């Protein structure tokens, strides 16, 4: 299920070198229905960022870490809802301005699936702002991928936002898929759910929370958490 129809989404594809790789990546995105501007020179990148509001900016692995961080920061300063995708296996580490990163060596489908996830994040940010207001709030899609998380959620679980949004519900629920999947199926069927559940901090320790979740008509799942003190979680 595609949550958002995004044919014609505008991409700015940035590289360090004007080589055949850049041309190939551009053609892959165009063949998948995206409008693509591909550029390999810092001056052109700067001009495009300043003068055109691209939906998603794709930074490929040929750019240095410093360049990726500088470009991503400028993009988010201009429009926080513009998406930033890095084609590098660790492209989100140390870069708080990146939405998601993917290793392009994983194949075309992996890259396109990640790009679709960024579109889902943008949808969650723009269409569920009232529902997502609160301290500990997360939004997930029908594939149990996280698409939105508040700062307190990231701090509670020990992840940078980009790292957390690369995860699925199964990755942080204690007991993994055999616990998360049946709960999620029940939740989708009922449209709402409340209860208690154990989450896993990045370090591995368990965190008990009370939760209240609502399934929105567009397929976004909005959940509010209330962390429990150890004594209250028994």
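The values are calculated or read from the model by the stated rules, or taken from the named source; none is laboratory data. The structure presented is a predicted model; accordingly, all values stated were derived computationally and were not measured. When we count neighbours, we look across all protein chains shown, and the Cβ atoms used for this are built from the backbone with ideal geometry, even at glycine.
With the requirement that a residue be farther than 17 Å from residue 172 by Cα and part of a strand (DSSP E or B), what does segment 182-206 give you?
Residues satisfying the conditions are 192, 193, 194.
Could you tell me whether any residue of segment 172-181 is crowded, with 18+ Cβ neighbours inside 10 Å, modelled with pLDDT under 90 and either outside any loop (DSSP other than H, G, I, E, B) or on the phi < 0 side of the Ramachandran plot (or both)?
no
What residue, among those in segment 48-61 that are modelled with pLDDT under 90 and not in a loop (DSSP other than H, G, I, E, B), is nearest to the chain's Cα centre (by Cα)?
49
Limited to segment 162-184, what total is found for residues that are under 18 Å from residue 207 (Cα atoms) and under 15 Å from the mean Cα position of the chain (by Cα)?
Result for segment 162-184: 5.
Okay, residues lined up against (1) within 24 Å of residue 23 (Cβ to Cβ); (2) surrounded by 21 or more Cβ atoms within 10 Å (Cβ to Cβ):
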{"position": "62", "(1), (2)": "yes, no"}
{"position": "87", "(1), (2)": "yes, yes"}
{"position": "96", "(1), (2)": "no, no"}
{"position": "115", "(1), (2)": "yes, yes"}
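So residue 147 fits all but one of (1) under 24 Å from residue 127 (Cβ atoms); (2) surrounded by fewer than 17 Cβ atoms within 10 Å (Cβ to Cβ); what number is the exception?
All conditions pass for residue 147, except number (2).
Which residues, taken from segment 24-43, are in a loop (DSSP other than H, G, I, E, B) and under 23 Å from the mean Cα position of the chain (by Cα)?
Selection gives 32, 33, 34.
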